[in-house]
Amino acid sequence: MSTPALRIYNTLTRTKEAFSPIDPANVRMYVCGPTVYDYAHIGNARPLIVFDVLYRLLRHLHGADHVRYVRNITDVDDKINARAAERGVTIRELTEETNRIFQADVRALGCLEPDVQPRATEHIAQMLAIIEKLIASGHAYAADGHVLFDVPSMPAYGRLSRRSLDEMLAGARVDVAPYKRGDMDFVLWKPSKDNEPGWDSPWGRGRPGWHIECSAMSWAHLGETFDIHGGGIDLVFPHHENEIAQSCCAFDREVMANYWMHNGFLQVEGEKMSKSLGNFITIHDLLHTETFGGRKWPGEALRLAMLRTHYRQPIDWTVKALEEAESALRRWAEFVRKGETTGDSGNFAHQFAAALADDLNTPLAVSLLHDAVDPAQLDAALKLLGVDVRKYSDWIESETRSSVDVTAIDALIAARIAARAAKNWGESDRIRDELVAMGVVLMDNKDGTTSWEMKR
């Protein structure tokens, strides 16, 4: 599938730009991953899916061996400490179990595994190294067991978010502390109590601030400057702004990443998702329980429903959208299964690739799928989106079989085979009609066996 040149919207410049990697043989992308204290919610699924599509597209353009995708795991955080104490488990037990479920949920969404999934706790040495560089260059200072970044020392601070000082002060939820030189200064290192995770440092036993973690992990695995940094729009400020400040000042660079990409917010059935409204939905819930729309949903439907909205636009997560996604999946699965070309495919492949290359215009790409006439081309296009219709068909078959009495169906089929062997055609037809009434589709094989599936 030929692909036009990739253009992406760069939050840093507020323009759509041609993508020109630093090294085409080593394209590098970093995306902020989960803080593993609880199940990931459906809003968290959006960057997972969006940047997986971008990862697939970059691999298609540059070759799978020439793209390096890093998505971190934050496993040291005050939320983790609080949740572990609340549940009466160790921090390690909480983070290991939460991460295990996260990884399974992400696989169910059809996401490829990143090339590296670094853990924050395994990069303390890199964090300390960056902090020492910042202190040495006058961009950070130690005070009362803390180390803070001196925001006024960086004139370009705020270039990514483009907020006024008042907006930044409000957005940063500034903590008033006597050891801070300025209101905007943020924590790089803080002291730990005896019951909190901690590591030895030149400033005493402590733990890292949130922002320094990503600067350290991206540096360790992608270098001082790399191509793409992604995440949700809620991370632009203060998290990504602070990452830029730390990395650029520590390594004396103009930029940390050349392209910054951010996906839009998600709401549920027209309302902001929150636990207080009772519409807080996790990926795990959607896949394994009947809490949304009264049923479980296949990962392929969740993924397709997400991709029907452009990644930079807000998305309304609805049961109707999932039902429409499933309807399309059923049609495409049947079309691919039959394998019959129904017309001239024209320039479908080029149009589809051009849509993705235009800042991941997945709504346009998905709309083109409905007009596909070549099953092979449709299948290839779906795979570039990360949608596997065969996997979807297997899920439907599994769910359907789990809701019926397989033993009873197998017994009726065995009785029908016996009736046919005895040439008792009347009994054979009666059993067949009974199975049809149950929604069973029979397939008599040449070897005398009978396969079956539930009618879709």
Of all residues being touching a Phe, Trp or Tyr at 6+ places or on another chain (Cβ under 9 Å) and at positive phi in the range 101-148, which is most open to solvent (accessible area, probe 1.4 Å)? Just the residue, please. 144
Pairs, first on the phi > 0 side of the Ramachandran plot in the range 186-210, second of a type in the set (Phe, Trp, Tyr) and open to solvent by 40 Å² or more (accessible area, probe 1.4 Å), C-beta under 6 Å, six or more apart: none
Here the residues within the range 377-389 that are outside any loop (DSSP other than H, G, I, E, B) and open to solvent by 10 Å² or more (accessible area, probe 1.4 Å) are 377, 379, 380, 383, 384
Scanning the range 319-376 residue by residue, those touching a strand residue (DSSP E or B) at 6+ places or on another chain (Cβ under 8 Å), part of a helix (DSSP H, G or I) and open to solvent by 10 Å² or more (accessible area, probe 1.4 Å) turn out to be 319, 364
Residue count, the range 315-329, condition more than 21 Å from residue 268 (Cβ to Cβ) and either polar (S, T, N, Q) or modelled with pLDDT under 95 (or both), comes to 0
Under 6 Å between Cβ atoms, which residue pairs at least 6 apart in sequence (or on different chains) link something in the range 229-247 that is without any contact (Cβ under 8 Å) to a residue 40 or more places away in the chain with a partner that is open to solvent by 10 Å² or more (accessible area, probe 1.4 Å) and part of a helix (DSSP H, G or I)? 243/211
Restricting to the range 178-214, and then to whatever is crowded, with 19+ Cβ neighbours inside 10 Å and among the charged types (D, E, K, R), can you tell me which residue is farthest from the chain's Cα centre (by Cα)? 180
In the range 51-71, is there at least one residue being of a type in the set (Asp, Glu), surrounded by 13 or more Cβ atoms within 10 Å (Cβ to Cβ), closer than 27 Å to residue 124 by Cα and modelled with pLDDT of 95 or more? no
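Of all the strands (runs of 3 or more DSSP E) wholly in the range 206-313, which have at least 1 residues that are under 22 Å from residue 39 (Cβ atoms)?
Values: elements: 206-208, 226-232, 257-263, 266-268.
Here the list reads 226-232, 257-263, 266-268.
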Across the range 72-89, which residue is surrounded by the fewest Cβ atoms within 10 Å (Cβ to Cβ) among those that are farther than 17 Å from residue 214 by Cβ and in contact with a helix residue (DSSP H, G or I) (Cβ under 7 Å, 6 or more places away or on another chain)? 87
Testing residue 92 on (1) farther than 22 Å from residue 383 by Cα; (2) at pLDDT 95 or above; (3) open to solvent by 10 Å² or more (accessible area, probe 1.4 Å), one condition comes back false. Which one is that? (2)
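The values are calculated or read from the model by the stated rules, or taken from the named source; none is laboratory data. Bear in mind that the values here come from a model prediction, so they are computed numbers and not experimental data. FYI the Cβ positions are ideal-geometry reconstructions off the backbone, even for glycines, and counts take in every protein chain you see. Surface accessibility is based on the protein's heavy atoms, side chains included, excluding ligands, DNA and RNA. Shrake-Rupley method; radii C 1.70, N 1.55, O 1.52, S 1.80 Å.
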